[in-house]
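Working notes, structure below.
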Amino acid sequence: MMEYGLLLNGNGAQADFQLGAWKALDEVRLHIDWVTSSSAGNISAALIAQKNFHQISAFLADGLFEKITALNDSIAGLYLHYWSDLDFETFRRQFLDTFSEKAAPLLKALPRYLDEDVIRRSETRLNLILIDPETLSAVSRTLQDIPEGTLIQTLLLGAVFPIFRKQENQDTTYFEAGFLSELPLRSAVVSPSKKLITIGYTQTDVRRAFKKQRRPLSFLAIENSEYLDLSVSDDPDAQRESHRHHTKLGYLDTLKALHQLVGEKLYIDPRGSHRFFDHMVKDIGIPPKEPVACQLLMALLGISKPYTALKQFDVLEKILSLLARSRWRRADNKILALLEMTAWSAQIPELKIYGPDQLIFEILDWSEQVLKTQLSAPSPSDAFSEPSFFDCVKWLAIRPETIALEKAEAFREHAAPEMILSLVTFYYIQQTALNFA
């Protein structure tokens, strides 16, 4: 069995995403031999070592990371206003005294979620960047280096410790942003594991670290596909929803990184049977039988030839040309890319796993709801005055014969490739549905 090392960014804003990512790694049965991190990431690492997603969910739902972040902010504020001019030893004592006082509620709460005995018995080893209370300097420690009974306090000290460093040959301290988050990366690249999985680091960061060590490159970087909001809401329900969202994002982005799912914007499982999609693959590009629909399709794609001479090759050639100008240009499965593009244009919910057939049904359900909102077709005079995908679907589905071809050509001139392709794909989805009716 190949052993994997797991590297977590120490940024507390990444915590939900990291724990969701671990859930995906666990489901595909990747053996995580060790986890390394720093700061708030150490607590994520300890939760992962327990291998209990129920405990992780409860930890997130109860807003423990928000409380840890608030404590960190409070101590950073004290440093800026009162401690930065103190000599190091006075600063160290005041910091530790303040930590003991302010951290007491968290030290009481954390044992409900972190079981030191379970963590010490775990097959997943911890290699953490922690804070030495004597020197307030960052040190690398394994679990065996931490005295029994002190793990939770040690983790919390590292998590709330702002990024201080002592001036060389001086008795003062200073802030250094990013220092603690870089240290786990340095230690991870010198580990003996054959495969490294990173969460919260860019591929460029990891490659640079490997290059410095002159070590063969072997890693998987899991990056979040959307911005992780750092703001903390006062509304507990909003906090819980944010945790759920980021955790699910980590889970889905990891499955995509592991090639269990595909998609540029959505999360699609292409495995299994999908009858409707297979029929759509066969149908797409076939010229419409109705002259009006055929001419309309040619106008949308910019095909200039007699509609009676239109062939499937002509349509597919134009579709592929537009696809090459879209953000889906690197997709392996071109027809699946068109389907995803259409679902994305229709604003189908993103944080969900779809099969190809399910996406077709979602698009058809969406179009039915769109049509219910407008019982009469738009007039030819204002059909494309302010075009949107929603307006175009209404126009295409209700009464395309009312639209002059020059309107469709004008639309093609200013519309993005994704919108044109989504409309064309929507037409073929409709045809597939009619063939099954």
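The values are calculated or read from the model by the stated rules, or taken from the named source; none is laboratory data. Nothing here was measured: the structure is a model prediction, and the numbers come from that model. Backbone-built Cβ (ideal geometry, glycine too); neighbour counts: all protein chains shown. All accessible areas refer to the heavy atoms of the entire protein, side chains included, with ligands and DNA or RNA removed. Shrake-Rupley method; radii C 1.70, N 1.55, O 1.52, S 1.80 Å.
The table below lists the values:
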| item | result |
| --- | --- |
| For THR198, residues with placed amide H under 5 Å, excluding near neighbours | LEU7, LEU220, ALA221, ILE222 |
| Sum of side-chain charges, LYS265 neighbourhood, beta-carbon under 9 Å (Lys, Arg +1; Asp, Glu -1) | -2 |
| Rounded to the nearest 10 Å², the accessible area of GLU368 at probe 1.4 Å | 90 |
| Positive minus negative residues near GLN94 (Lys, Arg vs Asp, Glu; Cβ under 13 Å) | -2 |
| Protection proxy ranking, peptides 52-65, 418-431, 26-39, average beta carbon neighbours within 10 Å, highest first | 418-431, 26-39, 52-65 |
| Per-peptide average of other Cβ atoms within 10 Å, ordering 337-349, 236-248 highest first | 337-349, 236-248 |
| Phi-based couplings in Hz for segment 282-293 (Karplus 6.51, -1.76, 1.60; Gly and Pro marked x) | 6, 7, 5, x, 5, x, x, 6, 6, x, 5, 5 |
| ³J(HN,Hα) computed for each position of segment 349-364 - Karplus, 6.51 cos²θ - 1.76 cosθ + 1.60, integer Hz, glycine/proline x | x, 8, 7, 7, 8, 10, x, x, 4, 4, 5, 4, 5, 4, 5, 5 |
| Gain on full stretching of the segment that runs from GLU406 to ASP332 - 0.36 nm per residue minus C-alpha separation | 23.2 nm |
| Under-5 Å amide H pairs with VAL35, H placed in peptide plane, nonlocal only | LEU6, ARG125, LEU126, ASN127 |
| Those lysines that a straight Cα-Cα span of less than 24 Å connects to LYS67, excepting residues fewer than 8 apart in one chain | LYS23, LYS51, LYS102, LYS108, LYS248 |
| Ranked packing of 199-209, 40-50, most packed first, by mean Cβ within 10 Å | 40-50, 199-209 |
| Separation in nanometres of the label points that stand 7 Å from Cα toward Cβ, at ASP235 and VAL292 | 4.7 |
| Separation of the ALA309 and ALA58 label points, Cα + 7 Å toward Cβ, nm | 7.4 |
| Prolate/oblate/rounded label for segment 1-64 (Cα gyration tensor, a/c 1.5) | oblate |
